[in-house]
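A short worksheet on the structure shown next.
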Amino acid sequence: MGLGFTILLLLKGKHYSVLDPKGFIGLRERKLMITATLMSMIVVLPVFIMTVFFAWNYRATNKNAVYKPDWDHNIAIETVWWTVPLILIVILGVMTWQSSYELNPYKPINSTVKPMTIQVVALDWKWLFIYPEQNIATVNYIQFPENTPIDFEITSDAPMNSFWIPQLGGQMYAMAGMRTHLHLLANSLGQFNGSSANISGKGFSGMKFLAVSTTRLDFDKWVQSTKQTPEVLNIEQYQVLAKPSQNIPPSYYGSTDKTIYNWVVMKYMMPNTKMPISKDQNNPTETDNMNHDNMQGMGM
């Protein structure tokens, strides 16, 4: 049944986002899945063929079948059915070893284009995206330029979750008190569905977002347009946003308090950490710099 499902996915890949990648990482992950599946067929298909052959040839009504009870210790046959799978396992092991380093989510993507950072906070039950360089924030919506490496810094201010854009690459867990990374790059323009890949409560099914890849010019226009939004993501607004809610439509913040992301991480590592109030939101406060240094010292 699992084999049939895999073949169905391969034949109808255009209907499944994982097999219709639009990103640098997603393309390599698809290649790895297809290669591993095809190599497995070298063992699986002969087994299926022999199963049908033996069932037909040695059926009870076939009086012409030759009875050979002493063939089970055939050295030639046993050499084949042990050697071939062993060779495949070694090859797949080497592939897994190499791809684990090549597709390491913490590994930056080599590109002549300057990478961009987007901070991700998993909430109940929505996604908050903070653009520290552009000083804007969004909920359940992200936009970025094509062919630009994106460093997603991911954490959670709720139960453990999982950040996933299937057409761009694999998922990465979002955990309270930790900062994980996921490097992705969109090779083309388009809209890609994002979601949570980890059940996190009754609002899990609606915890979806839209990821949009545009030209650099359109991205810059979108940033400027978002900056005109009157809503400000400060600590008071964040505390309201962080309350559990379901099926939230996309929303935008024209400016943000840059200390929020670090505070979300630190408040679980250092429970007595207080939210610093910055008079000038375009410049981190002294407390924010201290929090950042603490996280660097902890390897985050």
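The values are calculated or read from the model by the stated rules, or taken from the named source; none is laboratory data. Note that this is a predicted model, so its numbers are computed, not measured. Neighbour counts are summed over all protein chains in view; Cβ atoms, including those assigned to glycine, are modelled from backbone coordinates with ideal geometry.
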### Task
Return yes when V240 is part of a strand (DSSP E or B), surrounded by fewer than 18 Cβ atoms within 10 Å (Cβ to Cβ) and of a type in the set (V, I, T) and no when it is not.
no
### Task
Tell me, yes or no, whether the range 128-135 has at least one residue that is buried (at least 17 other Cβ atoms within 10 Å of the Cβ), closer than 25 Å to D218 by Cβ and among the polar types (S, T, N, Q).
yes
### Query
Within the set of pairs 6+ apart or on separate chains, which have a first residue in the range 245-257 that is closer than 17 Å to I136 by Cα, a second that is among the aliphatic types (A, V, I, L, M) and surrounded by fewer than 19 Cβ atoms within 10 Å (Cβ to Cβ), and C-beta atoms under 6 Å apart?
S255/V232
### Message
When you scan the range 19-37, do you find a residue that is outside the structural domain of N193 (by TED's automatic domain parsing), assigned to a helix (DSSP H, G or I) and modelled with pLDDT under 85, even just one?
### Response
yes
### Task
For the range 150-159, indicate whether the set of residues that are within 18 Å of I248 (Cα to Cα), modelled with pLDDT of 95 or more and part of a strand (DSSP E or B) is non-empty.
yes
### Task
Considering only the range 153-195, state which residues are small (G, A, S) and closer than 17 Å to I118 by Cα.
S156, S162, G169, G170, A174, A186, G194, S195
### Query
On the given criteria, is S99 under 30 Å from N147 (Cα atoms) and either modelled with pLDDT of 90 or more or surrounded by 13 or more Cβ atoms within 10 Å (Cβ to Cβ) (or both)?
yes
